[in-house]
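Peer 1: Here it is, the structure, as structure tokens.
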Amino acid sequence: MLLSDQISKGKLSAYQRWEMTSFEDDAPAKKPAASAGGRPAAPAAPQITPATQKEIEQLKLAAQKEGFAKGFEEGHQVGLKTGQEEAQQVLQQELGDFLKISTQFNASLQQAEHLVAQDILDLAMDLSKAMMKSALAINPELVIPIIEQAIAALPSVQQPAQLFLHPKDATLVKNKIGAELTKTGWVIATDGRLKQGDCRIETMRNQINASLGARWQQLSEALGRNNNWYEVETKHSDE
């Protein structure tokens with residue numbers, strides 16, 4: 001029996017008949033033909049599939065989002081810095097205005113306190129003046145301490161030494177201390193121009209105006225006020 005007869009036909013069907021075309025199928029692919037200028041032809045442009053187009057759109061969208069976020073952050077920082085600078089300028093302006101108002105308020109307060117203090121001083125002087133006048137009217141003997149103080153202010157007593165008083169005060173002084181004054185060389189004289197409580201001393205070298213008005217004027221000037229002892233009444237002409 002031949003070998004071919006021994007191989008079943010089913011096994012033979014699993015193999016193909018060898019032909020010349022089998023070598024052509026295994027041969028490497030041919031290179032693209034050269035162009036007319038001798039250069040190889042350019043490769044064909046890649047085809048954009050729907051999947052590739054979707055990826056491109058996603059990349060564009062991501063780039064836009066990133067650019068927007070970056071621009072927003074930069075704009076936020078610039079706006080924040082600008083806002084802080086403007087707020088600082090406004091704060092400094094308001095602080096300057098507040099300090100100016102505070103300084104003006106303190107100056108006004110000090111001026112008001114000064115005016116109130118001066119008004120209180122004037123009131124106190126007016127009350128003191130009224131009390132002294134009332135006291136002299138009630139107790140005329142208060143003129144004696146005034147005379148003693150005026151005499152003590154002299155550096156020395158030189159003759160002739162004269163003491164000028166209101167007529168009523170002259171009578172009172174003669175009765176009270178007239179003898180003592182006469183022993184020390186004083187002469188008591190009257191002057192109708194003087195008010196009760198006033199006195200004037202004249203010696204060879206000295207003259208002292210010990211009137212209450214003059215003494216009050218000295219006190220008023222020392223306190224920086226212009227408070228006269230005598231009240232000046234203005235006469236109004238009849239229309």
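Peer 1: Mind running the shape call on segment 62-138? Use the C-alpha gyration tensor, a ≥ b ≥ c as the square roots of the eigenvalues: rounded below 1.5 for a/c, prolate if a/b tops b/c, oblate otherwise.
Peer 2: In terms of gyration-tensor shape, prolate.
Peer 1: Between ASN206 and ALA179, what's the calculated FRET efficiency when r is the beta-carbon distance and R0 is 22 Å? Round to 0.05.
Peer 2: 0.40
Peer 1: Given just the C-alpha atoms of segment 133-178, how large is their convex hull per residue in cubic angstrom?
Peer 2: 80
Peer 1: Could you check the simple spin-label distance between ASP119 and ALA222, using points 7 Å along Cα→Cβ, in nm with one decimal?
Peer 2: Placing both labels 7 Å beyond Cα along the Cβ direction yields 2.7 nm.
Peer 1: If amide H atoms are built 1.01 Å from N in the plane of the peptide, which residues on other chains or at least 5 residues away come under 5 Å of the amide H of CYS199?
Peer 2: Amide H neighbours of CYS199, under 5 Å, 5+ apart: ALA210, SER211, LEU212.
Peer 1: Can you order the peptides 71-78, 174-181 by their average number of other Cβ atoms within 10 Å per residue, highest first?
Peer 2: Ranked from most to least packed, the peptides come out as 174-181, 71-78.
Peer 1: To continue, here is another question. Can you work out ³J(HN,Hα) from phi for every residue in segment 133-141, in order, using Karplus 6.51 cos²θ - 1.76 cosθ + 1.60 and θ = phi - 60°, giving whole Hz and x for Gly and Pro?
Peer 2: With coefficients 6.51, -1.76 and 1.60, one gets 5, 5, 5, 5, 5, 7, 10, x, 5 Hz.
Peer 1: Calculate one ³J(HN,Hα) per residue across segment 93-106 by plugging θ = phi - 60° into the Karplus curve 6.51 cos²θ - 1.76 cosθ + 1.60, and present them in order as whole Hz with x for glycine and proline.
Peer 2: 5, 5, 5, x, 5, 5, 5, 5, 5, 5, 5, 5, 5, 5
Peer 1: In whole Hz and in residue order, list the ³J(HN,Hα) couplings for segment 160-176 that follow from phi through the Karplus curve 6.51 cos²θ - 1.76 cosθ + 1.60, θ = phi - 60°; x for Gly and Pro.
Peer 2: With coefficients 6.51, -1.76 and 1.60, one gets x, 10, 10, 10, 9, 9, 5, x, 5, 5, 4, 4, 5, 5, 4, 6, 8 Hz.
Readers should treat all values here as calculations from the given coordinates under stated rules, not as data from a laboratory. Note that the structure is a prediction, hence the values are computed from the model and not measured. Neighbour counts run over all protein chains shown; Cβ positions are idealised from the backbone, glycine included.
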